[in-house]
Amino acid sequence: MRELILPLKPQQTRKYPRVRAKFRVNCTVGNQTFPARASTLGGGGLFLDTDRPLAKGTEVHARFRPAKHLPQIEAKARVCYVLRGRGVALEFMGLTPDQLQILLRMIHRKPSDRRDFARAPLATQIQSQDCMALAFARNVGEGGMFIETKDPLPLGVKLNLRFNLNDDGPAVVAVAEVTYTVSRMGMGVQFLDLAPADRKRIETHVVKAQTADQVAAGTESPI
(Lines give C-alpha, C1' and ligand atoms only; values in the text may rest on other atoms or scores of the structure.)
Protein backbone atom coordinates (compact mmCIF):
# COMPACT_ATOMS: atom_id res chain seq x y z
CA MET A 1 0.00 0.00 0.00
CA ARG A 2 1.40 3.37 -1.00
CA GLU A 3 1.03 6.53 1.01
CA LEU A 4 0.57 9.78 -0.85
CA ILE A 5 0.64 13.18 0.83
CA LEU A 6 -0.92 15.49 -1.70
CA PRO A 7 -0.90 19.31 -1.51
CA LEU A 8 -4.21 21.11 -1.46
CA LYS A 9 -5.04 23.72 -4.07
CA PRO A 10 -8.35 25.54 -4.63
CA GLN A 11 -10.79 24.42 -7.40
CA GLN A 12 -21.71 17.80 -11.99
CA THR A 13 -21.58 14.53 -12.65
CA ARG A 14 -19.64 15.21 -15.81
CA LYS A 15 -16.50 13.31 -16.66
CA TYR A 16 -14.46 16.50 -17.07
CA PRO A 17 -14.70 19.90 -15.38
CA ARG A 18 -15.59 23.00 -17.39
CA VAL A 19 -14.48 26.62 -17.26
CA ARG A 20 -15.57 29.86 -18.84
CA ALA A 21 -13.73 30.59 -22.05
CA LYS A 22 -13.32 33.42 -24.52
CA PHE A 23 -11.53 32.51 -27.72
CA ARG A 24 -12.25 32.26 -31.42
CA VAL A 25 -13.16 28.96 -33.02
CA ASN A 26 -13.07 28.45 -36.78
CA CYS A 27 -15.75 25.94 -37.68
CA THR A 28 -16.13 24.04 -40.93
CA VAL A 29 -19.36 22.27 -41.85
CA GLY A 30 -19.26 20.67 -45.27
CA ASN A 31 -17.60 23.22 -47.55
CA GLN A 32 -18.52 26.24 -45.43
CA THR A 33 -16.21 27.79 -42.82
CA PHE A 34 -17.39 30.37 -40.31
CA PRO A 35 -16.07 31.95 -37.09
CA ALA A 36 -17.64 31.49 -33.67
CA ARG A 37 -16.64 32.23 -30.09
CA ALA A 38 -16.28 29.67 -27.33
CA SER A 39 -17.84 30.67 -24.01
CA THR A 40 -17.29 27.37 -22.18
CA LEU A 41 -14.45 24.86 -22.44
CA GLY A 42 -14.27 21.33 -21.08
CA GLY A 43 -12.25 18.23 -21.74
CA GLY A 44 -15.23 16.83 -23.61
CA GLY A 45 -16.25 19.79 -25.74
CA LEU A 46 -17.09 23.47 -26.21
CA PHE A 47 -20.10 25.73 -26.05
CA LEU A 48 -20.18 28.17 -28.96
CA ASP A 49 -21.95 31.51 -28.90
CA THR A 50 -23.37 31.62 -32.42
CA ASP A 51 -26.64 32.37 -34.17
CA ARG A 52 -25.82 30.03 -37.04
CA PRO A 53 -28.52 27.34 -37.30
CA LEU A 54 -26.83 24.01 -36.67
CA ALA A 55 -28.94 20.93 -36.05
CA LYS A 56 -28.22 18.40 -33.34
CA GLY A 57 -25.86 15.74 -34.69
CA THR A 58 -24.17 18.05 -37.22
CA GLU A 59 -20.48 17.21 -37.61
CA VAL A 60 -18.12 20.16 -37.25
CA HIS A 61 -14.39 20.47 -37.84
CA ALA A 62 -13.18 22.90 -35.15
CA ARG A 63 -9.88 24.79 -35.08
CA PHE A 64 -8.97 26.92 -32.07
CA ARG A 65 -6.17 28.11 -29.82
CA PRO A 66 -7.43 28.02 -26.20
CA ALA A 67 -4.67 30.37 -25.00
CA LYS A 68 -1.95 32.41 -26.67
CA HIS A 69 0.85 30.24 -25.30
CA LEU A 70 -0.79 26.98 -26.42
CA PRO A 71 -0.70 25.32 -29.84
CA GLN A 72 -3.68 25.36 -32.16
CA ILE A 73 -6.01 22.41 -31.74
CA GLU A 74 -7.93 20.83 -34.60
CA ALA A 75 -10.61 18.32 -33.78
CA LYS A 76 -13.73 16.73 -35.14
CA ALA A 77 -16.85 17.45 -33.12
CA ARG A 78 -20.59 17.14 -33.34
CA VAL A 79 -23.47 19.26 -32.10
CA CYS A 80 -24.89 17.53 -29.01
CA TYR A 81 -27.52 20.14 -28.13
CA VAL A 82 -28.80 23.56 -29.19
CA LEU A 83 -29.91 26.46 -27.00
CA ARG A 84 -32.09 28.67 -29.15
CA GLY A 85 -30.88 32.26 -29.15
CA ARG A 86 -27.64 31.37 -27.36
CA GLY A 87 -25.61 28.85 -29.31
CA VAL A 88 -24.64 25.21 -29.63
CA ALA A 89 -22.69 22.67 -27.62
CA LEU A 90 -20.03 20.67 -29.41
CA GLU A 91 -18.82 17.28 -28.25
CA PHE A 92 -15.28 16.37 -29.29
CA MET A 93 -15.04 13.18 -31.34
CA GLY A 94 -11.37 12.98 -32.24
CA LEU A 95 -9.08 14.61 -29.67
CA THR A 96 -5.65 13.03 -29.44
CA PRO A 97 -4.33 12.16 -25.95
CA ASP A 98 -1.86 15.06 -26.19
CA GLN A 99 -4.63 17.51 -27.10
CA LEU A 100 -6.76 16.30 -24.19
CA GLN A 101 -3.86 16.80 -21.79
CA ILE A 102 -3.37 20.37 -23.07
CA LEU A 103 -7.01 21.19 -22.37
CA LEU A 104 -7.16 19.49 -18.96
CA ARG A 105 -3.96 21.13 -17.73
CA MET A 106 -5.29 24.52 -18.81
CA ILE A 107 -8.65 23.89 -17.11
CA HIS A 108 -7.10 22.83 -13.81
CA ARG A 109 -4.70 25.77 -13.78
CA LYS A 110 -7.44 28.36 -14.17
CA PRO A 111 -8.35 30.30 -11.01
CA SER A 112 -11.27 28.78 -9.14
CA ASP A 113 -13.41 31.89 -9.61
CA ARG A 114 -13.40 31.23 -13.36
CA ARG A 115 -15.17 27.89 -13.00
CA ASP A 116 -18.78 27.70 -14.10
CA PHE A 117 -19.39 24.52 -12.16
CA ALA A 118 -17.52 25.21 -8.96
CA ARG A 119 -16.38 22.54 -6.59
CA ALA A 120 -15.70 23.68 -3.07
CA PRO A 121 -12.06 23.58 -1.89
CA LEU A 122 -11.71 20.76 0.61
CA ALA A 123 -8.69 20.26 2.87
CA THR A 124 -9.26 16.77 4.21
CA GLN A 125 -7.88 13.27 4.19
CA ILE A 126 -9.01 10.68 1.68
CA GLN A 127 -8.55 7.01 2.41
CA SER A 128 -8.65 4.20 -0.10
CA GLN A 129 -8.38 0.54 0.77
CA ASP A 130 -7.08 -0.22 -2.71
CA CYS A 131 -3.92 1.82 -3.04
CA MET A 132 -3.71 4.98 -0.95
CA ALA A 133 -3.48 5.36 2.79
CA LEU A 134 -3.60 9.15 2.84
CA ALA A 135 -4.22 11.83 0.25
CA PHE A 136 -5.64 15.32 -0.08
CA ALA A 137 -8.37 16.28 -2.52
CA ARG A 138 -8.09 19.50 -4.44
CA ASN A 139 -11.87 19.78 -4.50
CA VAL A 140 -15.10 17.86 -4.16
CA GLY A 141 -18.43 18.11 -5.95
CA GLU A 142 -21.62 16.09 -6.12
CA GLY A 143 -20.26 14.02 -8.97
CA GLY A 144 -16.69 13.42 -7.85
CA MET A 145 -13.40 15.02 -6.92
CA PHE A 146 -9.94 15.82 -8.22
CA ILE A 147 -7.06 14.25 -6.30
CA GLU A 148 -3.74 15.98 -6.81
CA THR A 149 -0.82 13.62 -7.23
CA LYS A 150 2.18 13.25 -9.50
CA ASP A 151 1.48 9.52 -9.66
CA PRO A 152 -2.13 9.16 -10.88
CA LEU A 153 -3.71 5.74 -11.09
CA PRO A 154 -4.79 4.16 -14.40
CA LEU A 155 -8.17 4.94 -15.92
CA GLY A 156 -10.93 2.67 -14.73
CA VAL A 157 -9.38 1.85 -11.35
CA LYS A 158 -12.07 1.73 -8.66
CA LEU A 159 -11.39 3.27 -5.27
CA ASN A 160 -13.04 3.06 -1.88
CA LEU A 161 -12.93 6.61 -0.56
CA ARG A 162 -13.48 7.92 2.94
CA PHE A 163 -13.28 11.64 3.70
CA ASN A 164 -14.62 14.36 5.97
CA LEU A 165 -16.52 17.51 4.98
CA ASN A 166 -15.67 19.54 8.10
CA ASP A 167 -19.38 19.85 8.88
CA ASP A 168 -19.31 17.89 12.17
CA GLY A 169 -20.99 14.97 10.40
CA PRO A 170 -19.67 11.43 9.98
CA ALA A 171 -17.10 10.56 7.33
CA VAL A 172 -18.40 10.25 3.78
CA VAL A 173 -17.84 6.80 2.31
CA ALA A 174 -18.00 6.36 -1.46
CA VAL A 175 -16.96 4.05 -4.25
CA ALA A 176 -15.36 5.97 -7.12
CA GLU A 177 -13.65 5.34 -10.44
CA VAL A 178 -10.71 7.12 -12.06
CA THR A 179 -12.20 8.77 -15.14
CA TYR A 180 -9.33 10.97 -16.31
CA THR A 181 -5.78 11.89 -15.42
CA VAL A 182 -3.76 15.07 -15.89
CA SER A 183 -0.06 14.52 -16.36
CA ARG A 184 1.97 15.58 -13.30
CA MET A 185 -1.13 17.10 -11.71
CA GLY A 186 -3.52 14.39 -10.59
CA MET A 187 -6.63 12.41 -11.38
CA GLY A 188 -10.35 13.01 -11.55
CA VAL A 189 -12.59 10.42 -9.94
CA GLN A 190 -16.33 9.99 -10.37
CA PHE A 191 -18.53 8.72 -7.56
CA LEU A 192 -20.19 5.42 -8.44
CA ASP A 193 -21.83 4.68 -5.11
CA LEU A 194 -22.70 7.53 -2.74
CA ALA A 195 -25.51 7.64 -0.18
CA PRO A 196 -28.21 10.24 -0.98
CA ALA A 197 -27.68 11.86 2.43
CA ASP A 198 -23.95 12.26 1.75
CA ARG A 199 -24.65 13.66 -1.72
CA LYS A 200 -26.89 16.27 -0.10
CA ARG A 201 -24.16 17.12 2.42
CA ILE A 202 -21.67 17.63 -0.41
CA GLU A 203 -24.16 19.87 -2.23
CA THR A 204 -24.59 21.95 0.93
CA HIS A 205 -20.81 22.12 1.38
CA VAL A 206 -20.33 23.44 -2.16
CA VAL A 207 -23.15 26.00 -1.89
CA LYS A 208 -21.77 27.37 1.40
CA ALA A 209 -18.30 27.73 -0.11
CA GLN A 210 -19.67 29.50 -3.18
CA THR A 211 -21.72 31.87 -1.04
CA ALA A 212 -18.70 32.67 1.13
CA ASP A 213 -16.66 33.45 -1.99
CA GLN A 214 -19.39 35.75 -3.33
CA VAL A 215 -19.66 37.60 -0.03
CA ALA A 216 -15.88 38.02 0.15
CA ALA A 217 -15.91 39.41 -3.38
CA GLY A 218 -18.73 41.80 -2.52
CA THR A 219 -21.11 40.24 -5.04
CA GLU A 220 -23.71 39.07 -2.54
CA SER A 221 -25.04 40.41 0.74
CA PRO A 222 -24.31 38.17 3.74
CA ILE A 223 -27.89 38.71 4.94
Hits in region 51-77 - residues which are in contact with a Ser or Thr (Cβ under 9 Å, 6 or more places away or on another chain) and not aliphatic (A, V, I, L, M): 61, 63
Candidate set: region 135-194, residues that are β-branched (Val, Ile, Thr), within 30 Å of residue 99 (Cα to Cα) and not in a loop (DSSP other than H, G, I, E, B); chosen: the one modelled with the lowest pLDDT: 140
Every residue from region 142-173 that is crowded, with 23+ Cβ neighbours inside 10 Å and among the small types (Gly, Ala, Ser): 144
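For every residue, the table says whether it meets (1) closer than 30 Å to residue 137 by Cα; (2) surrounded by 13 or more Cβ atoms within 10 Å (Cβ to Cβ); (3) not aromatic (Phe, Trp, Tyr).
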| residue | (1), (2), (3) |
| --- | --- |
| 40 | yes, yes, yes |
| 46 | yes, yes, yes |
| 55 | no, no, yes |
| 59 | no, yes, yes |
| 63 | no, yes, yes |
| 66 | yes, yes, yes |
| 75 | no, yes, yes |
| 81 | no, no, no |
| 84 | no, no, yes |
Residue that is farthest from the chain's Cα centre (by Cα), among those in region 40-55 that are among the small types (Gly, Ala, Ser) and assigned to a strand (DSSP E or B): 45
Options 99, 11, 72; residue that is at pLDDT below 90 and among the polar types (S, T, N, Q): 11
Matching residues in region 53-74 - criterion: being under 23 Å from residue 30 (Cβ atoms) and hydrophobic (A, V, I, L, M, F, W, C): 54, 55, 60, 62, 64, 73
Search result, residues across region 30-58 that are hydrophobic (A, V, I, L, M, F, W, C) and within 23 Å of residue 15 (Cα to Cα): 38, 41, 46, 47, 48
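The values are calculated or read from the model by the stated rules, or taken from the named source; none is laboratory data. Remember, predicted model here, so these are calculated numbers, not experimental data. As a convention, Cβ positions derive from the backbone with ideal geometry for all residues, glycine included, and neighbour counts pool all protein chains shown.
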